[in-house]
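In what follows, a single structure is set out as structure tokens and then discussed.
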Amino acid sequence: MNHKYFYQFLEPLSNELALLAKELEHSVFTSPRTMLTHSRVFIENILKSVMKEEGISEVPQMTIVERINLLNEQGILIKDVLNDLHSIRMTGNQAAHQTRMFRYSESLTSWEALYNVVKWYIESYGPISTTVPEYKEPCLPRDEQLDLDELLARLVSLEKTLSAKETPTMQAAHAEVAATITDKGDPTTEGYSTIRKISYMDKHVDIPFFLRDAFLLPQRFQKSETFLIRLGEVQQARFVSELPHDLVDLHKHVKRYNEKNDKTFFEELTTFVQEELTRREIAHARRGELLFFYKSDYIVVTEELSAIPLSPEEFSGIPSLLKQLKQNGIMNVGQLPKELVSLAKYANVGTLTIEKLFDQIKGKQVG
């Protein structure tokens with residue numbers, strides 16, 4: 001279904017720019033960091049368009065602040081628009097580099113600043129037939145909740161399209177971008193109720209609703225990893241939903257394992273559930289953030305952190321892992337899996353190697 005959005009009036013001028021504004025509107029309340037970071041691309045394309053209209057030549061690798069200063073020096077920008085451009089730029093830079101939590105009020109401030117910039121641009125350079133509606137704060141419908149990965153993928157796709165074509169001329173675009181938002185539910189109101197109990201001898205662990213079909217990644221169970229791999233080969237214990245009510249005799253599904261393996265797996269399953277509960281609380285508290293997890297610890301993946309190359313110069317003591325990642329086309333931090341223990345699938349990569357990588361990435365965070 002095609003839902004109306006605030007900047008729909010931009011579609012005849014630039015379909016991509018209008019759709020980029022649509023994604024920013026969706027992210028105001030769901031991911032302030034995403035909204036603030038990608039707002040810079042929006043104003044950069046406005047600035048490019050103004051320079052084109054004014055006959056000002058482009059300079060290779062020109063930054064947003066250089067464009068703002070150049071237009072201001074030539075008396076093209078009015079004071080309020082100048083202030084709004086700098087506000088969007090500076091807050092966007094903070095969102096790209098800092099790990100602190102960004103507030104809804106900050107994304108709302110940038111949303112209003114974007115409106116002021118667009119209104120000034122349309123009134124100064126747009127067609128007379130284009131009418132800018134009165135300012136309106138965004139409101140995300142209940143049935144359109146955020147899937148952050150999908151949102152970021154669409155933003156990057158739109159930004160690449162804007163960069164590749166002559167967007168400064170504000171010609172009508174013809175590319176179509178999927179606009180369906182995936183509903184993931186609300187972690188604050190559902191998912192924590194106990195759906196079942198899994199026992200071993202006289203002990204049990206409560207399985208919350210959100211984990212009922214969770215994948216049991218063998219690498220998450222250090223002492224039971226091989227046991228789980230063998231069980232998986234006979235289609236047992238791949239998911240929480242496949243586990244029996246009582247883990248006693250689970251080992252009988254495979255050869256060369258015994259009661260001790262059942263007990264150890266139960267202990268690690270209990271730890272796994274606790275870690276997942278902690279992760280869910282962190283993910284909710286930092287809603288709209290991209291996170292790397294290792295056990296119950298985490299890293300906020302900023303734009304700056306994401307761009308760091310996975311090279312021996314940046315990461316020491318893990319040459320074999322870095323070489324294998326490069327062979328698989330994983331060249332920078334942002335391409336790593338969110339669940340870092342899955343890297344244990346690589347040859348000669350164990351817990352210590354993953355801990356080294358995690359600790360070194362965390363050490364590169366900017367607070």
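About the Cα centre of region 289-367, what is the dipole size in debye to 20, counting +1 per Lys and Arg Cβ and -1 per Asp and Glu Cβ, all else neutral? Can you show the working numbers first?
Values: 8 positive and 9 negative charges, 63 e Å.
Here the size comes out at about 300 debye.
Largest mean-square fluctuation among GLU54, GLU44, GLU303, in a Gaussian network model of the chain whose springs join Cα atoms under 10 Å apart, belongs to GLU54. Extension gain, ASN258-MET90: 0.36 nm per intervening residue step, less the Cα-Cα distance, totals 54.5 nm. Rg over Rh of region 245-318, using C-alpha atoms and the Kirkwood radius, what does it come to? Here the Rg-to-Rh quotient is 1.19. Among rounded, prolate and oblate, which fits region 1-134 when a ≥ b ≥ c are the square roots of the eigenvalues of its C-alpha gyration tensor, a/c under 1.5 means rounded, and a/b larger than b/c means prolate? Since a/c reaches 1.5 but b/c is at least a/b, the shape of region 1-134 is classed as oblate.
Could you name the aspartates and glutamates in cross-link range of LYS364, using Cα to Cα under 19 Å and dropping any fewer than eight places away on the same chain? Straight-line reach from LYS364, under 19 Å: GLU289, ASP297, GLU303, GLU304, GLU313, GLU314, GLU339, GLU355. The GLN335 and GLN236 beta-carbon pair, evaluated with R₀ = 41 Å, returns a calculated FRET efficiency of approximately 0.80. Footprinting exposure proxy ranking of HIS86, HIS284, fewest other C-beta atoms within 10 angstrom first, gives HIS284, HIS86.
Can you give me the relative contact order of the chain as a percent, contacts being Cα pairs under 8 Å and 6 or more apart? Averaging sequence separation for qualifying contacts and normalising by length gives 17 percent for the chain. Using only Cα atoms, tell me the angle between helix 104-125 and the longest principal axis of the chain; keep it within 0 to 90° and round to the nearest 10. Here the helix axis deviates by roughly 30 degrees. Ranked by how many other Cβ atoms sit within 10 Å of their own Cβ, fewest first, the residues VAL341, VAL273 fall in the order VAL273, VAL341. Within the chain, which is the longest segment containing none of the chymotrypsin sites (Phe, Trp or Tyr not before Pro) that sit in a DSSP loop and have at most 16 other Cβ atoms within 10 Å? Counting only loop sites that pass the neighbour cut-off, the longest clear stretch is 193-367. Between VAL333, ALA347, HIS97, the Cα set farthest toward the positive side of the dipole of the chain (charges on each charged residue's Cβ, about the Cα centre) is that of ALA347. Dividing the summed helix terms, -39500 (n - 2.57) for each DSSP H run of n ≥ 4, by the number of residues in the chain produces a 222 nm estimate of -15000 deg cm²/dmol to the nearest 500.
Lys and Arg at +1, Asp and Glu at -1: add these up for the other residues within a Cβ distance under 13 Å of TYR135 and post the number.
Values: positive: LYS119, LYS136; negative: GLU25, ASP84, GLU112, GLU134, GLU137.
Surrounding charge for TYR135 is -3.
Positive-end ranking of ALA307, TYR294, PRO32 along the dipole of the chain, with charges on Cβ about the Cα centre, is headed by TYR294.
Would you work out the charge dipole size for the chain about its Cα centre, treating the Cβ of every Lys and Arg as +1 and the Cβ of every Asp and Glu as -1, and quote it to the nearest 20 debye?
1140 debye
The mean sequence distance of close C-alpha pairs (under 8 Å, at least 6 residues apart), as a share of the length of region 188-283, puts its relative contact order at 25 percent. For the pairs LYS4/LYS119; LYS263/LYS323; LYS119/LYS338; LYS4/LYS160; LYS160/LYS295; LYS223/LYS255, note any where the Cα-Cα span goes beyond 29 Å. The answer is LYS263/LYS323; LYS119/LYS338; LYS160/LYS295.
Each other residue within a Cβ distance under 9 Å of ILE308 adds +1 if Lys or Arg and -1 if Asp or Glu, for a net charge of -1. Look at the dipole of the chain built from charges on Cβ: of PHE42, THR194, PHE6, the Cα furthest out on the positive end belongs to THR194.
Coordinate-derived values only; no laboratory data. Nothing here was measured: the structure is a model prediction, and the numbers come from that model. Glycine gets a Cβ as well: all are built from the backbone with ideal geometry, and neighbour counts include every protein chain shown.
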